[in-house]
1. Scan the range 69-111 residue by residue and report those that are under 20 Å from the mean Cα position of the chain (by Cα) and either among the β-branched types (Val, Ile, Thr) or in a helix (DSSP H, G or I) (or both).
2. Out of all the residues in the range 35-46, which are within 19 Å of the chain's Cα centre (by Cα) and either over 27 Å from Gly191 (Cβ atoms) or of a type in the set (Gly, Ala, Ser) (or both)?
3. Out of the residues in the range 47-68 that are within 8 Å of the chain's Cα centre (by Cα) and of a type outside the set (A, V, I, L, M), which is nearest to Gly151 (Cα to Cα)?
4. Residue pairs, Cβ under 8 Å, 6 or more apart or interchain, first in the range 81-98 and within 14 Å of Asn129 (Cβ to Cβ), second among the charged types (D, E, K, R). List them.
5. Would you check if Val85 is surrounded by 14 or more Cβ atoms within 10 Å (Cβ to Cβ) and touching a strand residue (DSSP E or B) at 6+ places or on another chain (Cβ under 7 Å)?
6. If you check every pair at least six apart or on different chains, which have Cβ atoms under 9 Å apart with a residue in the range 49-60 that is at pLDDT 95 or above and acidic (Asp, Glu) first and a residue that is assigned to a helix (DSSP H, G or I) and surrounded by fewer than 16 Cβ atoms within 10 Å (Cβ to Cβ) second?
7. Pick from Ser114, Ser97, Ser108: which is modelled with pLDDT under 90 and either crowded, with 16+ Cβ neighbours inside 10 Å or over 26 Å from Arg180 (Cβ atoms) (or both)?
8. State whether one or more residues within the range 130-148 are of a type in the set (A, V, I, L, M), buried (at least 16 other Cβ atoms within 10 Å of the Cβ) and without any contact (Cβ under 8 Å) to a residue 60 or more places away in the chain.
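The values are calculated or read from the model by the stated rules, or taken from the named source; none is laboratory data. Note that the structure is predicted; figures quoted are calculated from it, not measured. All Cβ positions, glycine included, derive from the backbone under ideal geometry; neighbour counts span all protein chains shown.
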Amino acid sequence: MTHIGVSQIKQQRRQRSNRVAGFTLIELVIAIAVLAILAAATAPSFQTLLERNRVVRLAEELQGLLMQAKSEAVIRNEELNLELVRDDGNDVTSYHSDGEWVLALLPSAVSGASISDTVGNAYSVLQGNGFKQVYVKANYSTTVTVSPIRGTSNLHITYQFYASDPAQSVEVKMNRMTGRIYICSDSGAYGYGVC
């Protein structure tokens, strides 16, 4: 009897090894449908994350450039200019999201007539091409002068920007009297304090 039991075991093993391992078509369709639903659910939040990162990065880079402008003016003991330049002649006090702008820290004797001239003569530059799809505007259309004595500007400076929702706009400001630089938002967006 043991001989018959061994042959039955061998036969069962052969039958199992003859089966094809894999997924049925129905199982594959269900798996793909589940993946498509998950991808569709995460896409909007991923887009929001990208927008948030762009806005926060621009706020921090603007703040850094303003701090550098104050420091450079004092260290060099000379007036420096901050200029927001566009080549297309559009007003910098209106929102634009094409990234075709440059904010430059320039010697006071130099004026940025075009983006290429500005970049070539600047001590430091923040280029807008890394911030396409972020709507940006400034509160001034003239050159801002940074004093070498206190590192303050001749105007109150405000750069205002948002990614897709104007109610979520962020502002980087520099106070004319104190030289204080801060980031805020009217709605408290992106974790910044209210302006």
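1. Val85, Val92, Val102 - these are the residues of the range 69-111 that are under 20 Å from the mean Cα position of the chain (by Cα) and either among the β-branched types (Val, Ile, Thr) or in a helix (DSSP H, G or I) (or both).
2. Ala43, Ser45
3. Looking at the filtered set, the residue picked out is Arg57.
4. Short answer, once both residue conditions are applied: Arg86/Glu100; Asp87/Glu100; Asp88/Glu100; His96/Arg86; His96/Lys137; Ser97/Lys132; Asp98/Lys132.
5. Yes: the conditions hold for Val85.
6. none
7. Selected residue: Ser114, the only one of Ser114, Ser97, Ser108 that is modelled with pLDDT under 90 and either crowded, with 16+ Cβ neighbours inside 10 Å or over 26 Å from Arg180 (Cβ atoms) (or both).
8. Yes, that holds for at least one residue.
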